[in-house]
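For reference, the structure is listed below as structure tokens.
The values are calculated or read from the model by the stated rules, or taken from the named source; none is laboratory data. Since the structure is predicted, the reported quantities are computational estimates derived from the model, not experimental observations. Note that each Cβ is placed from the backbone with ideal geometry, even for glycine, and that neighbours are counted across all protein chains shown. What goes into the accessible areas is simple: the full protein's heavy atoms, side chains included, and nothing from ligands, DNA or RNA. Shrake-Rupley method; radii C 1.70, N 1.55, O 1.52, S 1.80 Å.
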Amino acid sequence: QAAMPGRGGPGGAAGAAQGEPHPQPYNRVVTREAKTRTGMITVHRIGEKVLFEIPRDQMNKDELLVTEIAKTALGIGYGGQAVSNRVMQWQLRDNRVYLRSKSYEITADTSQPVYKAVEASNVNPIIAAFNVEAYGPDSSAVIDVTRLFTQVPAELGPGPRVPGNPDATRSWIESAVPFPDNLNVHSTVTYAAPNAAAAGRGGAAGGFGQTGNSNPSNTVVMSWSFHRLPDTPMMPRLCDDRVGYFEVHTTDFSADSTQQIKETCFITRYRLEKKDPSAAVSEPVKQIVYYLDPATPKKWVPWLIKAIDDWQPAFEAAGFKNAIVAKEAPNDPDWSPEDARYSVVRWLPSTVENASGPNVHDPRSGEILNAHIQFYQNVEHLQLTWYFTQAAAVDPRARMFPFPDSLMGRLLEYVLAHEVGHTLGFQHNMKASAEYPTDSLRSATFLAKWGHTPTLMDYSRFNYLVQPEDHVPLDLLIPRIGPYDIWATHWGYAPIPGAHTPDAERATLDAWAREQDTKPWLRFTTAGSYGSDPGEETEAVGDQDATKATGWGIKNIKREMAYLMPATVKPLDNYEDLGDLYGGLINQWRTELSHVTNVVGGVESQDKYGSQKGIIFTPATRARQREAVKFLNDNAFATPTFFLDQDILRRIEPFGSVNRITTAQAGILNSLLADAKLIRLSENSAFAKAGDAYTISDMLADLRPGVWGELTTGGKIDTYRRALQRSYLQIMDRKLNPPPVAANQQIPAQFRRLLGPQVDPKMTDIYPAIRAELKAIDAEARDAIGKASDRDTRAHLEDVRHRIDEILNPKK
């Protein structure tokens, strides 16, 4: 008898053992019809039924269960989307097997008195229960797990991404494949609308999904991978905010030396141990090996192998020779990319323009067990767009689509090397690109030695500062392994002789981290900066001085407008590529100018611990902020006429140029006028030295000539400028009269801490400063109406006054 209740009944919840267990003889349960595969857990399949045969020695052992959505319906995330990682145990008790979830979020030393209290307050929940159907020759327990993967319990499901309840009548197990160190299950699971799931089960209409409810059902393919965890966890290495590794957290109640309860944090990293511990550089006991998916196009294989090999120098600096190796997948029918013994770069034939680098790690220690990099084929199109918009001004190869294979191969190498970095444990480091002098990033000599960013882990794509007259070799436009990557690999992976506990390593790790004091290019994004540091930009080059860098970037964007048509127009093709690339250039323009907005209210930072002198946060000077606003007035809010090429616009759309430009300008304005920036302006001015205060009112007054200059000059206000001014008023209206926030739009409490201190704008200088500024604009608009030379300008100014009145005096 199956351990699960029969299909269709109201008691058919997954994992609920039915009746008293009555184990049968093995051959009555595992019949001749069974298709059997052995591994960590032996799997028997008999028709639609799936049995697990769990060895006795696998009971009560920690396993890591990785849950993903393998394939999804339109509008529900994406294939390969991670759902959860949780530690599980199979436990045998009185002819029943229980699947229990085990948490390492709170721990205690087993030798300490507090351990019993921690155990008492942390009962591991039972996810599912199964009657033992039979015992194998070695006392292994055979259980029927079919319903576990068709009537999926909430703990193992896709969560809120897929609403409704699983309907077993429209769900089935696709595959259950065991390997020596893992077991992978894929199921097609249909989630019925919440009010329809019960009606659809077991009824005549249930097989067709006709539940009598208008809400749609969703069918997804779920993936569950059970991973064997090491019997002996790796010795963890403690986190440090100054070095960018992914982390695992636990609260250790036996660590009471600080007289307060604190989280313990470990970095994620592979277990690298030297074959010869006495050697300065040694082969590792076990290499980090990445296999390339057999589906990878052959012409890209050498470039992707090189991307993995690019990390060799970083590990050599950490004391390991040949620590990381790239291989093509073997021509072996028994080899599988889903085998947990292998880290794999999966080539996915997908329109998604992305790549991602997740890893599977042991939550007890942070040890990375394997990685499966998802390399979506259409990342090639993303590279086409990025490289054209950032490098076509100086690289002739980028001025004709498609790119030559030698260029595209190098771009794919860069993408994969970045993702490999993530799988090695590294977070993004957005500060890095601000740690080189901006002027140096146009020097071929400097770039040859240092690159334009100290790390591959920044979003500092291609060097858009280089001008044609700089004669920089083209290979220096693309990021490569940098000094931060080498240093951070050493910090996380280098053995520390004589240190046999995580705490014993701390003094050495702190000494290594303090190198950042004299070598700023080794610094990492500041913890708790909450977006305040103008040097922690995404998609930025040279953001140590974003104003200067953006000036050079815009010069290149203007040059690239001339290359749009030659690059994309083909006799037998339409103008879709032209439209995409034109939009890409406008987005690049907006992105670079948004970097300048972050100087206003900006606070430069360097993360420090108690062993270092000085403060962490230093507000930007008044002069630097005023320079940024003037630059924005001249380059963001003055209409970018170089984009208004009628040869291009009338090939891609009958209208829309005003909306394109205004949308980009409104985005820049929104960034400049963000509440967080204005709050920092107010607070920083309160602490500024005499003459260096830059208040909200100062900034708004400096901004006025850029947005409203015609009010004092008396000039005609054209279509583009009128649209910009309306955007300004719309932004101010939302600030003074924000719409009510619905309950489902509120930020959950666990995420609010990521946004920094929560301040009510109504209790700051924002409201009075904006009200005063709108009154000043209204007065200037009133005076300008009489001077207006055309009807459209007069009508616009009257509308401006009307809108300001509605903002300042909203109707109840």
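Tell me the per residue accessible area of the chain using a 1.4 Å probe; a whole number in Å² is fine. Numbers along the way, then the final one.
Details: 36320 Å² over 812 residues.
On a per-residue basis, 45 Å².
Computed over neighbours whose Cβ is under 14 Å from that of F130, the net charge equals 0, Lys and Arg +1, Asp and Glu -1.
Run the reach check for K630 against lysines, Cα to Cα strictly under 16 Å, same-chain hits fewer than 8 apart removed. What comes back? Filter leaves K548. Residues whose amide H falls under 5 Å from that of E174, counting only those 5 or more places apart or on a different chain, are H186, S187, T188, with hydrogens built in the peptide plane. Over 28 Å between Cα atoms: which of K275/K298; K274/K299; K716/K775 fall into that group? Beyond 28 Å between Cα atoms: K275/K298; K274/K299. In the chain, excluding the sites themselves, the longest stretch lacking any of the GluC sites (Glu not before Pro) that are in a DSSP loop with at most 16 other Cβ atoms within 10 Å is 354-812. Summary value for the chain: 8 percent relative contact order, contacts being C-alpha pairs under 8 angstrom separated by 6+ residues. Available extension along the chain between Q612 and K519 is 32.1 nm, counting 0.36 nm per residue and deducting the alpha carbon span.
Between A701 and E247, the simple spin-label model (points 7 angstrom out along Cα→Cβ) gives 4.3 nm.
With a 1.4 Å probe and all protein chains in place, put Y291, Y728 in order of accessible area, largest first. The partial results should precede the final answer.
Values: Y291 35, Y728 5 Å².
If we order Y291, Y728 from most to least accessible, we get Y291, Y728.
In order along segment 493-507, phi translates into HN-Hα couplings of 10, 5, x, 10, x, x, 9, 10, 9, x, 5, 5, 8, 5, 4 Hz, rounded to whole numbers, per the Karplus curve 6.51 cos²θ - 1.76 cosθ + 1.60 with θ = phi - 60° and x for Gly and Pro. In order along segment 333-344, the phi-based Karplus estimate (6.51 cos²θ - 1.76 cosθ + 1.60, θ = phi - 60°) of 3J(HN,Hα) comes to x, 8, 7, 9, x, 8, 6, 5, 6, 10, 9, 9 Hz; Gly and Pro are listed as x. Label sites at Y530 and Q91, each approximated as a point 7 angstrom past Cα along Cα to Cβ, lie 4.2 nm apart.
Sorting L700, L348 by accessible area puts them as L348, L700; the probe is 1.4 Å, largest comes first, and only protein heavy atoms count. Applying 0.36 nm per residue to the separation of N322 and Y26 and subtracting their alpha-carbon distance, the gain on full extension is 101.7 nm. Using a cut-off of 18 Å between Cα atoms, the listed pairs K286/K321; K677/K735; K49/K71 include K49/K71 as exceeding that distance.
Please compute the length gained on full extension between E806 and R791, using 0.36 nm multiplied by the number of residues separating them and subtracting their Cα-Cα distance. Going from the current span to full extension adds 3.1 nm. The amide H of V344, built 1.01 Å from its N in the peptide plane, has Y291, A371, H372, I373 as neighbours under 5 Å, considering only residues 5 or more places off or on other chains.
Accessible area of T518 (1.4 Å probe, protein heavy atoms only, ligands and nucleic acids ignored): about 110 Å². If R0 is taken as 41 Å, the Cβ-Cβ distance between A154 and I731 corresponds to a FRET efficiency of 0.45.
Near the amide H of E604, within less than 5 Å, lie the amide hydrogens of T618, A620, all on another chain or at least 5 residues away, with H placed in the peptide plane.
For the chain, give the percent of accessible area contributed by carbon and sulfur heavy atoms, probe 1.4 Å, rounded to a whole number.
51 percent
I652 exposes around 40 Å² of accessible area when a 1.4 Å probe is run over every protein chain in place.
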